[in-house]
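Read through the structure below, which is laid out as structure tokens, and then see the notes.
Bear in mind these aren't lab numbers, they're just calculated from the coordinates by the rules spelled out. Everything numeric here is computed off the predicted structure, so don't read it as measured data. A quick note on method: Cβ atoms are made from the backbone with ideal geometry, for glycine too, and the neighbour counts reach across all protein chains shown.
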Amino acid sequence: MDVLLTKLPKQKARDTSERTEEIGVSNSVFDWSRTNSSFSETNVLNSTISHSSNISVDGEDEYPEGGLSAYLAVFGCFLGLIPAFGISCTVGAIQTYISSNQLVNVSTSTISWIFSLFNFTSYASAIFSGAYFDHSGSRRPLTVGTILFVSGLMGTSESTKVWHFILSFGIVLGFGTGILTSPLISVVSHYFNRKRATYTSLATLGASVGGIFFPMLLKGLYPKVGFPWAMRIFAFICMGFLICSIVLSKERVRKEKPIVNDLRSFINNNLLEIFDYRGFKELRFSCVVAAVTLGEVSLMSTSIYFPSYALMRGYSADTSYLLVTITNAAGIGGRIIPGYLSDRYFGPFNTVIVTNFFAILSMWVVWLPFGEKLNALYAYAVLYGFFSGSIYSLSPVLVGQVSRTEDFGKRYSSMYMITACAMLVSIPVAGAIIGDGQVKNYDFYIIYSSITGISSVLLHMFTRYKSVGYGLSKA
């Protein structure tokens with residue numbers, strides 16, 4: 001506690017109070033400026049530390065930490081994230097199929113732009129629903145996201161050319177995915193603080209469930225009904241999950257809507273405020289954004305081209321699908337166990353540092369030197385799937401550690417706006433490194449993915465240091 005006290009300047013405390021007054025928060029945790037014009041650092045410290053972690057900025061008493069409404073909301077988020085996150089885990093299977101069929105004569109680097117654009121729009125469009133969710137709740141953004149998501153898959157079913165896939169999969173489906181993501185992640189943070197990592201991990205299990213089920217579904221449907229009907233059936237299944245999510249995923253609190261008196265206030269409140277540029281003035285939030293971005297770049301670069309790596313090594317398409325399924329299945333434990341350990345023992349920063357480090361280590365000691373052996377690929381799929389699971393499940397928790405609940409949706413979506421810009425470049429870079437698909441090019445691609453991953457770990461370590469110092473503590 002003494003470490004934190006010396007690292008929290010008075011100016012930062014005054015800025016926090018001013019931001020609190022702007023949004024009209026009236027609960028006791030943020031009533032410093034209304035009760036005392038000059039409050040001490042001890043007041044600030046007491047209001048920024050919760051039982052769950054040394055660096056939380058919300059009070060513990062504001063959350064129900066359970067109850068029927070909370071559990072139904074988590075279940076609804078889980079159902080919605082099966083398609084919303086599951087599609088990202090299915091990209092490798094789709095990319096492998098269209099590269100060998102509709103786009104067989106198109107270069108790898110050109111095809112990579114389809115999925116790079118999808119990643120960009122799916123991350124960037126989260127910004128449109130993040131701030132809206134904070135003010136108005138989840139139902140409307142989830143409804144709009146569902147319509148776009150299903151329409152994108154339907155359009156993909158009819159695609160035969162690169163520009164077809166760019167419009168339907170890259171843009172429409174990408175926007176639908178992004179608009180769905182912010183409310184589905186943010187709802188959990190409204191009900192849990194001490195148990196936030198655990199229940200966020202349970203919600204994000206949807207990614208693993210979708211990542212296991214959807215590639216197997218498509219693999220079975222392609223030879224039986226063809227690509228168009230396989231994608232249509234996929235779309236109808238996703239629509240069922242998303243409709244259930246709309247009904248169950250309800251927010252608990254809403255931020256006070258700003259008063260709009262003139263054009264300037266309209267622009268400030270409805271255009272500028274959707275991106276939390278003020279948040280980037282805080283070093284810890286900026287470091288979290290950079291760390292999560294690099295971790296996502298490493299994860300997506302690895303996930304998209306891992307199946308094609310197996311094909312390059314001479315293994316069948318069935319084997320490549322199986323490797324994707326194993327990776328996603330291992331991710332189930334990789335979400336639940338780190339989430340529980342984070343809440344119960346170590347804290348989110350300590351947990352994500354360790355798990356991400358071992359994910360990168362598996363690249364260096366298993367995939368890179370022994371990638372030509374099938375047993376090594378199976379082992380790598382299990383190890384990487386397990387240890388990389390925390391990238392999905394704990395990233396929202398890390399944002400929550402340096403944000404107030406009322407600002408979570410906006411901050412979460414702002415973070416992924418930055419991630420989107422990185423994705424737009426990083427996936428084509430990975431495709432360009434692979435080039436004509438020779439073994440040495442794939443080795444360079446593995447090195448590229450591991451460097452971005454270890455950079456993420458180092459930034460998480462720096463953020464932890466700025467929060468609690470070098471000492472051994474829950475953080």
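In segment 59-204, Cα pairs under 8 Å separated by at least six residues give a relative contact order of 40 percent.
Remark: the Cα gyration tensor places segment 289-438 in the oblate category, a/c being 1.5 or greater and a/b not exceeding b/c.
Two-decimal Rg/Rh of segment 93-225 from alpha-carbon positions, Kirkwood Rh? Dividing the radius of gyration by the Kirkwood radius yields 1.03. Mean separation of Cα pairs under 8 Å and 6 or more residues apart, divided by the residue count, gives segment 312-381 a relative contact order of 34 percent.
Histogrammed with a bin width of 5 Å, the alpha carbon distances of segment 136-211 distribute as 3, 16, 18, 19, 17, 12, 7, 5, 2, 0 percent, first bin at zero. When the alpha carbon coordinates of segment 301-355 are projected onto the principal axes, the ranges are 44, 18, 12 Å, largest first. Under 15 Å from a label point set 7 Å out along the Cα-to-Cβ vector of PHE444, the amide N atoms of segment 107-127 belong to 108-109.
When the P(r) is computed for segment 281-326, the part past 15 Å accounts for 57% of the Cα-Cα pairs.
What shape does segment 71-113 take by its C-alpha gyration tensor, where a ≥ b ≥ c are the square roots of the eigenvalues and a/c under 1.5 counts as rounded, a/b above b/c as prolate, and the rest as oblate? Verdict is prolate for segment 71-113.
A 25 angstrom limit on the alpha carbon distance is what I want to check against. Which of LYS195/LYS250; LYS250/LYS474; LYS195/LYS466; LYS224/LYS440; LYS219/LYS373; LYS373/LYS440 exceed it? Write out the running numbers ahead of the final one.
Values: LYS195/LYS250 18 Å; LYS250/LYS474 31 Å; LYS195/LYS466 23 Å; LYS224/LYS440 36 Å; LYS219/LYS373 23 Å; LYS373/LYS440 16 Å.
Flagged as over cut-off: LYS250/LYS474; LYS224/LYS440.
Calculate log10 I(q)/I(0) of segment 423-475 for q = 0.29, 0.32 Å⁻¹, where I(q) comes from the Debye formula with a single equal point scatterer on each Cα and nothing for solvent. Values returned for q = 0.29, 0.32 Å⁻¹ are -1.06, -1.14. FRET efficiency for the pair VAL425 and LYS466, taken as 1/(1 + (r/R0)^6) with r the Cβ-Cβ distance and R0 = 35 Å, rounds to 0.80.
Name the trypsin sites (Lys or Arg not before Pro) in segment 100-204 that are in a loop by DSSP and that have at most 14 other C-beta atoms within 10 Å, would you?
LYS161
Extension gain, ILE243 to LYS161: 0.36 nm times the residue separation minus the Cα-Cα distance gives 26.4 nm.
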